[in-house]
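Remarks on the structure that follows.
Read-outs throughout are calculated quantities, based only on the coordinates presented, and are distinct from any laboratory measurement. Because the structure is predicted, anything quoted here is derived from the model rather than measured. A quick note on method: Cβ atoms are made from the backbone with ideal geometry, for glycine too, and the neighbour counts reach across all protein chains shown.
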Amino acid sequence: MRAQTSAAKQFDSDRFESEVREAVQQSHPHIQSLDFVPRTVSTPPVPEYVSHREDVSEIGKLSAEAIVKEYEETAKEIEAMGDVVKDMVKRCEQLTSSASTMLKDIKATAARYRKEGQRMFTEIESCSSATDEVRRMCETFRDKLATSSVETLK
């Protein structure tokens, strides 16, 4: 529970309402409606894709202009985003071109390695054949020597 002090008054909504009613009844503001108020400040024209109707009040025209200008600014931002996307497309095209060149280089390098592998394969087999032939010749010569030495010894 809150303790009320003598200094703090309790809020009386009825009293407040009557004070507001009195204040309103004492002063009657004079509001005059205007059909047309000439513009004193020059504003940029509305975009070319809209035009004012004749039967619209000045406030309606101003409101419509404010809204269409906001939409136009947003449309320009969207177009600017499109320019960013165009730049991204250009970079992607450059990357694609670069990647295509790299792929050609990779295929050419792989082909060179295959050709070198084939050359090494052929050379090793040739060396192996030559070694086999030398070994056979040595065996044949050794056998001849062994046979001729046995016959000379007899």
Given the candidates T147, M88, V134, the one whose Cα lies deepest towards the positive end of the charge dipole of the stretch 54-153, counting +1 at each Lys or Arg C-beta and -1 at each Asp or Glu C-beta, is T147
Could you tell me the calculated FRET efficiency between D83 and L103, based on Cβ-Cβ distance and R0 = 30 angstrom, to the nearest 0.05?
0.50
How large is the dipole of the stretch 54-153 about the Cα centre if only Lys and Arg carry +1 and Asp and Glu carry -1, each at its Cβ, rounded to the nearest 20 debye?
1280
By count of other Cβ within 10 Å, fewest leading, how are K90, K61 ordered?
K90, K61
What are the extents of the Cα atoms of the stretch 42-154 along their three principal axes, in Å, largest first?
142, 20, 15
Just subtract the alpha-carbon distance of C92 and E139 from 0.36 nm times their residue separation and send over the number in nm, one decimal.
10.1 nm
